[in-house]
Amino acid sequence: MTRAALLVLADGRFPAGGHAHSGGAEAAVKAGRITGAASLEEFCRGRLHTTGLVSASLAAAAALGLDPVTLDGAADARTPSPALRTAARRLGRQLMRAARKAWPHPELDALARRFPKGAHQPVVLGLTARAAGLGPVDAAYCSAYESVSGPATATVRLLSLDPFDATAGLARLADDID
């Protein structure tokens, strides 16, 4: 196992498409629920303990080797909004493209054939972690971190928020991520 693979997978520059999705932060900014660093941190904490926890669990299960088709069905059942299901599959498809280039693996190829329009992103993330030689805990960490880093990055752009303040908020979430 290589921990460097975890760093590459969690890096916001990895072309997995996550940078294109705000994780609900854009709508929260428009609605006035995120107005600055403190409300961003609370938004991220709430997201981590809801969507982030579910996504981390699915990613860990996929990295462990559970059936990705079953896990994708479980993700569908836990994503009631058709728009969010579409976004999760679009992000999964983009991650799959990057993953197959970075860590070619027959399980990734099989999942891509089974879901040509994309499997749910956390399932693809877990299988990508597995292909990269990472374990379920690594997949869960990556997924949990991604659930808060995407909204934080989006909010920095949307509100012209000081990136140091956003990063400090993410650092304060470390115990929650653990």
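Evaluated at q = 0.17, 0.21, 0.23, 0.28 Å⁻¹, a Debye calculation over the C-alpha positions of segment 106-175 (equal weights, vacuum) places log10 I(q)/I(0) at -0.73, -0.88, -0.94, -1.14.
The distance separating the Cα centre of segment 116-141 from that of segment 74-98 comes to 13 Å. Pairing the Cα long axis of helix 163-172 with the longest principal axis of the chain, what angle in degrees results, from 0 to 90 and rounded to the nearest 10? It works out to around 70 degrees. Annotation: amide H-H contacts under 5 Å for residue 34 (H modelled 1.01 Å from N, sequence separation of 5 or more, or interchain): 29.
3J(HN,Hα) along segment 40-49, derived from phi through the Karplus expression 6.51 cos²θ - 1.76 cosθ + 1.60 where θ = phi - 60°, amounts to 5, 4, 5, 4, 5, 4, x, 5, 4, 7 Hz, with x in place of Gly and Pro. Dipole size of the chain about its Cα centre, with +1 on Lys/Arg Cβ and -1 on Asp/Glu Cβ: approximately 740 debye, rounded to the nearest 20. Projecting the alpha carbon convex hull of segment 1-82 along each direction and taking the average yields 7.1 nm².
Computed log10 I(q)/I(0) for segment 37-78 at 0.14, 0.17, 0.21, 0.29 Å⁻¹: -0.40, -0.52, -0.66, -0.92, from the Debye equation with unit scatterers placed on every C-alpha and solvent omitted. Amide H contacts under 5 Å for residue 119: 93, restricted to partners 5 or more places along the chain or on a different chain, H placed in the peptide plane at 1.01 Å from N. Averaging Cα coordinates gives a centre for segment 154-178 and one for segment 6-52; these two points are 9 Å apart. Considering only Cα atoms, the convex hull volume of the chain works out to 100 Å³ per residue. Applied to segment 111-126, the Karplus parametrisation 6.51 cos²θ - 1.76 cosθ + 1.60 on θ = phi - 60° returns per-residue 3J(HN,Hα) values of 5, 5, 5, 5, 10, x, 8, x, 8, 4, 3, x, 5, 5, 4, x Hz, with x for Gly and Pro.
Where a number appears in this text, it was derived from the coordinates with a stated rule and is not lab data. Since the structure is predicted, the reported quantities are computational estimates derived from the model, not experimental observations. Glycine also receives a Cβ, built like all others from the backbone with ideal geometry; neighbour counts cover every protein chain displayed.
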